[in-house]
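In what follows, a single structure is set out as structure tokens and then discussed.
Nothing in this text is a laboratory measurement; each read-out follows from the coordinates by a stated rule. Computed from a prediction, not measured in an experiment: that's the story for all the values here. Cβ atoms come from the backbone with ideal geometry, glycine included; neighbour counts cover every protein chain shown.
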Amino acid sequence: MVSWRLTITCVPRRAPLVPSALLCLALTACGGGVHGTPGGAGLRDPYFPKAGNGGYDVGHYALDLRYDPGTGDLTGTAVVTARATQDLTAFDLDLQGLHVDKVTVGGKQARWNRAGQELTVRPHDDLRRGETFRTTVRYSGRPQTITDPDGSKEGWLRTADGALALGEPVGSMAWFPGNDHPFDKASYDVTVTVPKGLQAVSNGELKSETTKNDRTAFVWHTAEPMATYLATVAVGHYTVTRTTLPDGLPVYTAVDPTQVKASRAVLAKLPAIIEWEQDNFGPYPFSSTGVIVDRPGDAGYALETQNRPVFPGAPDTDTLVHELAHQWYGDSVTPRTWQDMWLNEGFATFAEWLWEEDHGGRTVQQIFDKVYATPADDATLWGFPPSKPPSAAYISERPVYERGAMVLQKIRQTVGDDRFHDIIQGWAAAHRHGSADTAEFTAYVEKKAPGKDFTAIWKDWLYGDGKPPSP
Ligand code: TRP
Ligand code: ZN
């Protein structure tokens, strides 16, 4: 608990507010009105309750980072532009580790306090509901690697020749202060300055690359809303390829030199994969695409970082199809909370299956049948329903991926191919650049397929425990 949260101070307001009777009494000595309240320390996510913060909505992050791979030291300035959603005396940002050197709000020095991942900022002037305010945090130190509840590593990962920032689910707080929850999406400008000879790759489009005094600054711009967990920075030596797809979409691929040969054939398929995914999922949702391929040991998994997924080593075709499918399902339509993770992974897994069906392999139904044949006592698949992992340690497990994909195939069985395509494209269009949850998804499916009964599918496949009684 931060002690000054409990004290009442007298700060002049810019304009009087209608005070609540009780607070008015408490504050009569100040002669002022209501001062607002502190924003919440979390968004009450069912799996990561401290992730994100209450009381404001971020519109833009401007991050100016300087990184030295030799020492692992990062120096950063984050300018967070947000709108207050309530009267605020204080608010939190999420930041894990690092040293905070200075905080200003609206250009005025602010007080701050730290407790775990919560950086509590108390602006000089209280903030009014609806007000847009700019918080600048200067910080430094060696960013941490975070171990997730499932044992996987995220946050800031040091690599052989630099570093890699991965943020799912709560790793972005290891390298910048923010509202680290998928519900609060924002645009970004990220500048990364590294020793000359190295490169820095991030999301969006590269706006400039300037070398001065043995350092190079890479300026990246992400115009479309992005969840914090999808932000990335990769520092190292990369073989960069810049092309455009036939429809003009810029492609920026950065491949570790040791992975170029092994990546060549699969990356040559990227244009065809994007084209196929546009046919199936609708227009590509962002203003550029590409990949970042680091070395196999640099991360324990691939991640659908926005515009430009990250792969530890040359990906196989399925994994490339999967991470690119996430650009529609996950990155553009983002889960409301971490409980809705199956809306990401079920779709991306289904995309792999559908790719196989469309490219001379097994049909989705054949894959479904094979997975369904898994014995009922195999808890790795049937241990919990996709919509309800038992704890944060299970959000990336098989039921979320495979049983999630099976929910989609059950819908397809029920409505037929044409209607199914309308549904998955319509879903991506309806929530493009937004957020959505499981209840919104089931309601959407029901609305798009009048007269069809999905009761048993939701009950047996989405919400129910155990192996569903029939395939
Ligand atoms: N979401 C990633 C994907 O499916 C994979 C991933 C990210 C993951 N973090 C993880 C898998 C932690 C297991 C554990 O593309
Ligand atoms: Zn995935």
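For the stretch 344-471, take the convex hull of the Cα atoms, compute a quarter of its surface area, and give me that in nm², please.
Quarter of the Cα hull surface area: 7.9 nm².
Looking at the chain, which longest stretch skips every one of the trypsin sites (Lys or Arg not before Pro) that is in a DSSP loop with at most 12 other Cβ atoms within 10 Å, leaving the sites themselves out?
The longest uninterrupted stretch comes out as 197-471.
Taking the radius of gyration and the Kirkwood hydrodynamic radius from Cα positions alone, what is the Rg/Rh ratio for the stretch 83-144, to two decimal places?
Computed over Cα atoms, the ratio is 0.98.
Just report the Cα centroid separation between the stretch 53-75 and the stretch 190-226, whole Å.
That distance is 13 Å.
Multiply the residue separation of R114 and A393 by 0.36 nm, subtract the distance between their alpha-carbon atoms, and state the gained length in nm to one decimal.
Gain on stretching R114 to A393: 97.8 nm.
Compute the normalised compactness of the stretch 37-237: alpha-carbon radius of gyration over 2.2 N^0.38 Å, N being the residue count.
Working it through for the stretch 37-237, the quotient is 0.98.
Report the label-to-label distance for R419 and D358 in nanometres (one decimal), using points 7 Å from each Cα along the Cα→Cβ vector.
So the label points at R419 and D358 sit 2.2 nm apart.
Need the full-extension length gain, Y444 to K212, defined as separation in residues times 0.36 nm minus the C-alpha distance. One decimal, nm.
The span from Y444 to K212 would gain 78.2 nm if fully extended.
Give me the distance in nm between label points sitting 7 Å out from Cα along the Cα-to-Cβ direction at H433 and D453, one decimal.
4.2
At A268 and D316, where each label point lies 7 Å from the Cα along Cα→Cβ, what is the point-to-point distance in nanometres?
Inter-label distance under the simple model: 2.0 nm.
What is the distance in Å between the Cα centroid of the stretch 403-462 and that of the stretch 99-124?
44
Rg and Dmax of the chain, using alpha carbons, in Å: what are they?
Both quantities, over Cα of the chain: 23.5, 78 Å.
For the stretch 420-471, state the average projected area of the convex hull of the C-alpha atoms over all orientations, rounded to one decimal in nm².
Seen from a random direction, the Cα hull of the stretch 420-471 projects 4.2 nm² on average.
Take the eigenvalues of the Cα gyration tensor for the stretch 151-293, scale each by 5, and report the square roots as semi-axes in whole Å, largest first.
23, 21, 16
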